[in-house]
2 protein chains.
Amino acid sequence: MQDSIEQYMHRVGQNARKASRYLAGASTLDKNNALSAIYSALQNSEPQILAANQLDMTKGRERNLDSALLDRLELTPTRFKGMLQGLKDVISLVDPIGEITDLAYRPTGIQIGKMRVPLGVVGMIYESRPNVTLEAASLAIKSGNAIILRGGSEALESNQAIATAIQHGLKVAGMPEDTVQVINTTDRAAVGQLITLNEFVDVIVPRGGKSLIERITNEATIPVIKHLDGNCHIFVEAQADLHKALPIALNAKTHRYGVCNAMETLLVDEKVAEAFLPHIAELYAEKQVELRGCPDVQRILGASVKPATEEDWYTEYLGPILAVKIVSGIDEAIEHINKYGSHHTDAIITENFTLARKFLTQVDSSSVMVNASTRFADGFEYGLGAEIGISTDKIHARGPVGLEGLTSQKWIVLGDGQIRQ
Amino acid sequence: MQDSIEQYMHRVGQNARKASRYLAGASTLDKNNALSAIYSALQNSEPQILAANQLDMTKGRERNLDSALLDRLELTPTRFKGMLQGLKDVISLVDPIGEITDLAYRPTGIQIGKMRVPLGVVGMIYESRPNVTLEAASLAIKSGNAIILRGGSEALESNQAIATAIQHGLKVAGMPEDTVQVINTTDRAAVGQLITLNEFVDVIVPRGGKSLIERITNEATIPVIKHLDGNCHIFVEAQADLHKALPIALNAKTHRYGVCNAMETLLVDEKVAEAFLPHIAELYAEKQVELRGCPDVQRILGASVKPATEEDWYTEYLGPILAVKIVSGIDEAIEHINKYGSHHTDAIITENFTLARKFLTQVDSSSVMVNASTRFADGFEYGLGAEIGISTDKIHARGPVGLEGLTSQKWIVLGDGQIRQ
């Protein structure tokens, strides 16, 4: 059995690589036509896809999946419509492929530039939401990549039904069906194979819980675009305009709790702590946000604030809890963020030009902000048109990753007979 | 012993990370001052460094190292001067750090852009040439990174002597001495530790033989900037100007043999094979280049051409040997290159506009050329000012890698109180 999974995944990889060669030469029109054909195929298959999803839902209830997971799994007619709208949005995105930049002459007479090209083959590993199947497939096609999709076992029927429609659309448009392949086994060994298919797969994009991503990162021999944690900070500096600091600190914590760009620790300069903390604490109290503070915070806000432990500074609560610490100034704030943070998104609130520049330069995070809510760290808010994910790595893609994250640049050299002297 | 190497490398990593925080905030002037102080320190230590190198040379001769290796190991006064000139060149390079690009307003009123920042800590693993110690250290400092250097055991004394001078310079300039650390043990376990110090090291740059690089790539859990092979091709297309094809094919093979951007396989369109091959074969014969051809090549050039095996198409000879194949046209040429090549550098010789565009688009290599010698694939020829290495990977850095390869970009967001709606 182990052997046959290996053979199966090898074949999937080989087919994807072959399809990727075709895609590398496909024009924007070719790709948009394929996406439009997929759109029609999905429209025509709506009853089958929703029926397949109901099968997954029934099995999920039998397996006693928790209600949050079942909710993410369900495809309603409204969600189906949203999925199709997402596909339309991808069709209207600018094609990043083929763009030539920095083309310049060298003293030797050769002309050198960079051309944006697809990565080749993307391996995507994700959980529950079946709409990711279409989203990932459409972004891959738009950026000229083949994609291998490995969804969760709980969504197998839904994913296969969506895949059937996608492949029908590819066929109608004359694009290789292996452009999008959905793994048809729930055997976990398939994931182990996929993340080590170096010969055929160029990048792995995992989406899901921290343990899934950690496992993939540790075992993959292929580069992974991922983020593990969003432990985001806001530092209210001594020269902060408190009329800005209050709404931003409220928004960053309470706009949505379960998201990676929510603030998890609030740092306050000791010089404004007495003026700022009682006001923000009142706003948090209205939203029933639990505060965990350092001793100085407890002194100002009283015993209602629980003590923060060392562990709290590292924690991404993803809920209505906030760690609060008073710091002696910007140096302590930056040190705290670089030490305890997850290099995701951190903001300073200040009117001081020099300190804003210092914070921007020295905080080692994928997004660093001045006088804005951390909640803005998002591919759509950044104007990328789509979001593959948010990366806290420094290599390749960093921060919100759009279509460009699925591309690379190669050098091109144009000459008229030059040889090296 | 194993345990103490682990502790030693952990401390080295921790110190490097700490130094990297300092460097992230260092100005261009700070960095140039440090490089100038290192220049003076090296000038003053020339006798000690050359004496240390003589110790290595003596030990190398006792260990019967081969003469090519001993030649690479030796530091003569002339080479020492060249090393110092290289440092001067790095001082005059433009500082890539802090550059802000694409700063634009979004409809929400926030301003979004990208800021170029250091990667943090670079781990460099290399063999023999002690001048790499200075070259790598100076490029790291210029790009705001701390660096951990692990040279070969054969160059231990030389590397330590150079490191002593570098650290003296850093101290004089008031920069942390841990900015540049040279591993002081020849225990190979230190390499295994270095390439898995994910907490402290951001990128690994290996330089050396293929087996060293393969081992590092397989075992590293940190991203690696590397290339393994340079199996480069030139395709003489049917509409090639043979007055360009002949000098380019000669230059790409014979300008230097042992380099990664030398041509290893020549592909010739069947429509020009009879006109082209006898001429180029004559030029190669003058240079005593051995030809290995497909049956069609043998038919045209006669029995002096050895038959090429399947293995030949994969081989990087790094010497005066060339594989030659006649192909039916551009599609077969592209397929051959993408299958057998190493994604390093490949060129087409043609006057046909459409085929030139097709080759540029569909050949999946880090440098793709039209009517120019593959020998141009080089950081200095490309105008990068310095070369960290040549990468055949698609992620992060591709092709010749300059200072920018040791940097990343983070997002910056500037607002005046915006919150997410």
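Structure notes:
- Shape of chain B, Cα gyration tensor, a/c cut at 1.5: oblate
- Overall form of region A:132-269: prolate. Here a/c, set by the Cα gyration tensor axes a ≥ b ≥ c, is 1.5 or more, and a/b is the larger of a/b and b/c.
- For A:ASP241, net neighbour charge (Lys/Arg +1, Asp/Glu -1) across residues whose Cβ lies under 12 Å away: -2
- For A:THR265, the accessible surface of its heavy atoms amounts to roughly 0 Å² (probe 1.4 Å, protein chains only, rounded to the nearest 10).
- Residue by residue along B:387-395, Cβ atoms of other protein chains within 10 Å of the local Cβ number 3 on average.
- Stretching the chain fully between B:ASN198 and B:THR78 yields a gain of 39.3 nm (0.36 nm per residue, less the alpha carbon separation).
- Rounded tilt (10° steps) of A:210-219 against the dominant C-alpha axis of chain A: 60 degrees
- Members of B:LYS88/B:LYS142; A:LYS410/B:LYS339; A:LYS339/A:LYS394 lying beyond 22 Å, as alpha-carbon distances in this model show: none
- Our note on the geometry: Cα centres of region A:22-74 and region B:89-115, 39 Å apart.
- Theoretical FRET efficiency, 1/(1+(r/R0)^6), r = Cβ-Cβ of A:GLU311 and B:LYS171, R0 22 Å, to 0.05: 0.05
- Estimated inter-spin distance, A:ALA303 and A:LEU103, nm [label 7 Å along Cα→Cβ]: 7.5 nm
- Most simply put, the protein assembly as shown has about 25% antiparallel DSSP beta bridges, counting only bridges with both residues inside it.
- Seen against the Cα atoms of chain A and their longest principal axis, helix A:156-173 is set at about 50 degrees.
- Neighbouring Cβ atoms from other chains, within 10 Å of the Cβ of residues in B:404-412, number 5 on average.
- Helix B:28-44 and the longest principal axis of the Cα set of chain B meet at an angle near 90°.
- Dipole magnitude (debye, nearest 20) for chain B, charges at Cβ of Lys, Arg, Asp, Glu: 1060 debye
- Rolling a 1.4 Å probe over the heavy atoms of the protein chains gives region B:232-381 an accessible area of 39 Å² per residue.
- Gyration tensor verdict on region A:232-381 (Cα atoms; rounded if a/c is under 1.5, prolate if a/b is larger than b/c, oblate otherwise): rounded
- Dipole magnitude of region B:1-118, debye to nearest 20 (Cβ charges: Lys/Arg +1, Asp/Glu -1, about Cα centre): 320 debye
- Here the peptides A:367-373, B:9-15 are ranked by packing, the mean other Cβ count within 10 Å, and the order with the highest first is A:367-373, B:9-15.
- Under 16 Å from the A:ARG63 label point (7 Å along Cα→beta-carbon), backbone N, region A:37-53: A:52-53
- 19 Å cut-off, amide nitrogen to a point 7 angstrom out along B:GLU351 Cα→Cβ, residues in region B:318-338: B:330
- Unit charges on C-beta of K, R, D, E only; dipole of the protein assembly as shown, Debye: 500 debye
- Residue by residue along B:220-228, Cβ atoms of other protein chains within 10 Å of the local Cβ number 2 on average.
- Amide H partners (placed H, <5 Å) of A:GLY389, local residues excluded: A:VAL401
The values are calculated or read from the model by the stated rules, or taken from the named source; none is laboratory data. Note that the structure is a prediction, hence the values are computed from the model and not measured. Please note: Cβ atoms are built from the backbone with ideal geometry, for glycine as well, and neighbour counts cover all protein chains shown. These accessible areas exclude ligands, DNA and RNA; they are computed on the full protein's heavy atoms, side chains included. Shrake-Rupley method; radii C 1.70, N 1.55, O 1.52, S 1.80 Å.
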